[in-house]
Amino acid sequence: MQVQDYRLEAPFRAILSELAAVLAVERVNAWATGGFVRDVLLGREVKDLDITIEADPLRIGPDIAKMFDGDYFPLDAERGRVRVLLAAHDMHLDLMPPAGSIEDDLRTRDFTIDAMAAPLNELASGSIRLIDPTTGLPDLQDRIVRQVSEQALLDDPLRLLRGVRLAVLLDFGIEPKTAEAIRRHSALVERVAMERQQDELVQILRTPRGAPGLRLMDELGLLDRVLPEMVVTRGVEQPKEHYWDVFNHCLAVVEGLDMMLGESGPEAEPARSLWNELWGRLEWWEGGRQHFMTEFVPNTHRCSLTKLAGLLHDIGKPETKSFDDTGRIRFLGHSDIGAQIATRMMQRLRFSGVETALVSAMIEAHMRPVQMAQQQAPSRKAVYRFFRDTGEAGIDTLFLSLADHLGTMGPRVELDGWRRHVAAIDYVLRMRLEEPVVVEPPKLVDGDDLMSALGIPPGPRVGELLELVREAQAAGEVSTREDAIAFARREM
């Protein structure tokens, strides 16, 4: 089948032409396959290239890396899968041998939309001879994720999660028989390495449809398998201020973050008005939305970790639920308990220490932005303490607080209440970004200065006094070395 209407950027065409020419000299048949072909046909931006070659990638890979001044390393030496990183072009090439003929190889793939191939030497010419033995192109046109075979899901149970990721990434539906197969075999996902489960979860959350992705996981029986810690939140009743039980509230918070962190404003109301109020107010924050699109660690973006914190922020509520003398529901200490549960969960899923610390800090502090601004604008001292305690997670926690507002109110959300909450967050954020003395006061004195001036011995009291001095600086009460020593003397 010939396909001529597709978009491929000129630099990518040049790389493909050069690569195809080198392989032709070697008399090696090569095909672009998988997600690359799918995204080219959809007109999506492509940065990575999957190549199936009738040769040994372990032998050819180093030569290709040298030709493009890239880096080479095996992904799976036993199966002959290698990767060539082209840092100068911000892309990578994955090379693998076929399982039999190219048609036979495609029939072993997971989903039909990823089971298409095109000869590499034709891609740069502007016309593709599509090899499509599982009829993936009609499914692509119908926006459907369909299994190639049920056995493919059993061969690698990670594909159960990958089907969900493809659906939310592309905004496709999952074909009913495929959905039933995923549901029937959902328990198999527990056999998948934790690192691979983590990667699929993070990629689902990175999309603008993180909450629908989690709900789809839930419908297919995958959510409780990947995140068993969430089971206890189901059906846990909350005070009347909350529209949802704990489980659905947590999903609603992720939905709020999807809306707020989207690249463009939603079309439907009230989400459109809420988005416009937020980003209209924060128009002064240059690169604000980009803050969440950056990688926090390689391959994991801030938005994914912020949404994960949104999903887990109230996970401590079932354990801390109690009733006061009036019969009102209380969740005393749920933020601290929730941070501990989230830490254990992220360690189980093999998140890094810095990722775990970021999410844990957000959960522990997610109520503080509201507490700071209950009666009036937060004091400078309160803002200092907030960013001192949250560190790297401070800005993300402010947005988690906004999403918590949306998740609490549900469909009862009112623009006036949202406007007040946004104004409070805007005030704190301006202090963080425009008044650095509030967040990081310059050093006026050190421990030696205080011990010498006050005649006190080394010990914890010195550190306490230094911290009090920094708080006073943030509040504008101290601005010189003499002020700092005099303030410490009064505190003594």
Helix-derived [θ] at 222 nm for the chain: sum -39500 (n - 2.57) over DSSP H runs of at least 4, divide by residue count, nearest 500? -16000 deg cm²/dmol
How many times 2.2 N^0.38 Å is the alpha carbon radius of gyration of region 136-293? 1.17
For the chain, Kirkwood radius (reciprocal of mean inverse C-alpha pair distance, Å): 25.7 Å
How many nm is it between the label spots at Gln340 and Glu392, if each spot is 7 Å from the Cα in line with the beta carbon? 2.4 nm
Nonlocal amide H pairs with Arg330, under 5 Å, H built at 1.01 Å: Ser322, Phe323, Asp324
If every alpha-carbon in region 408-492 counts as one equal scatterer, what log10 I(q)/I(0) does Debye give at q = 0.13, 0.25 1/Å? -0.55, -1.13
Counting all C-alpha pairs of region 289-437, share separated by more than 21 Å (%): 48 percent
For region 83-133, what size does the Cα cloud have along each of its three principal axes, sorted from largest down, in whole Å? 35, 25, 19
Between 0 and 90 degrees, rounded to the nearest ten: what's the tilt of helix 334-348 against the longest Cα principal axis of the chain? 30 degrees
How high is the relative contact order of region 356-492, in percent, counting Cα pairs under 8 Å that sit 6 or more residues apart? 25 percent
The answer for the per residue Cα convex hull volume of region 43-159, in Å³, is 129 Å³
Between the Cα axis of helix 210-219 and the main Cα principal axis of the chain, the angle (0 to 90°, nearest 10) is 70 degrees
Label point distance in nm, Glu435-Ala24, each placed 7 Å from Cα along Cα→Cβ: 6.6 nm
With every protein chain left in place, what is the accessible area of Glu482 in Å² (1.4 Å probe, nearest 10)? 120 Å²
If you place +1 on the Cβ of every Lys and Arg, -1 on the Cβ of every Asp and Glu, and leave all else neutral, what size is the dipole of region 231-284 about its Cα centre, to the nearest 20 Debye? 160 debye
Pulled fully out, how much extra length does the chain show between Val231 and Ala486, if you take 0.36 nm times their separation in residues and subtract their Cα-Cα distance? 86.3 nm
If the chain between Glu195 and Glu78 were fully stretched, how many nm would it gain, using 0.36 nm times the residue separation less the Cα-Cα distance? 40.1 nm
Report the Stokes-Einstein translational diffusion coefficient (µm² s⁻¹, integer) for region 351-490, Rh taken as the Kirkwood radius over Cα pairs, at 25 °C with viscosity 0.890 mPa s. 146 µm²/s
Go from 0 up to the bin containing the longest alpha carbon distance in region 158-205, width 10 Å each, and give me the % of pairs per bin. 27, 55, 18
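Rounded to two decimals, what ratio of Rg to Rh does region 335-380 give with C-alpha atoms and a Kirkwood Rh?
Rounded to two decimals, Rg over Rh is 1.16.
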Cα-Cα separations in region 183-266 greater than 21 Å, expressed as whole percent: 36 percent
In sequence order, what are the phi-derived ³J(HN,Hα) couplings for region 408-413 according to the Karplus relation 6.51 cos²θ - 1.76 cosθ + 1.60 with θ = phi - 60°, rounded to whole Hz, with x for glycine and proline? 6, 6, x, x, 8, 4
Using a cut-off of under 20 Å, list every residue of region 229-268 whose amide N is near the label point 7 Å from the Cα of Arg328 along the Cα-to-beta-carbon line. 237-246
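Would you mind counting up the charge near Arg419? Only other residues with Cβ under 13 Å from its Cβ, with Lys and Arg at +1 and Asp and Glu at -1.
Within the 13 Å Cβ shell, the charges total -2.
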Once you have the Kirkwood Rh of region 104-213 from its Cα pairs, apply Stokes-Einstein at 20 °C and 1.002 mPa s and quote D in µm²/s. 145 µm²/s
Correct semi-axes for region 1-100, from √(5λ) of the alpha-carbon gyration tensor and rounded to whole Å with the largest first, are 21, 16, 13
Ranked by accessible surface with a 1.4 Å probe, highest first, in what order do His366, His242 come? His242, His366
Bins of 10 Å, beginning at zero and ending with the bin holding the largest distance: percent of Cα pairs per bin for region 217-332, please. 12, 33, 32, 20, 3
Can you give the angle from 0 to 90° between the axis of helix 194-206 and the longest principal axis of the chain, with both taken from C-alpha atoms, to the nearest 10? 80 degrees
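The values are calculated or read from the model by the stated rules, or taken from the named source; none is laboratory data. Please read all numbers here as calculations on a predicted model, not as lab measurements. FYI the Cβ positions are ideal-geometry reconstructions off the backbone, even for glycines, and counts take in every protein chain you see. Protein only, heavy atoms only, side chains kept; ligands, DNA and RNA dropped before computing areas. Shrake-Rupley method; radii C 1.70, N 1.55, O 1.52, S 1.80 Å.
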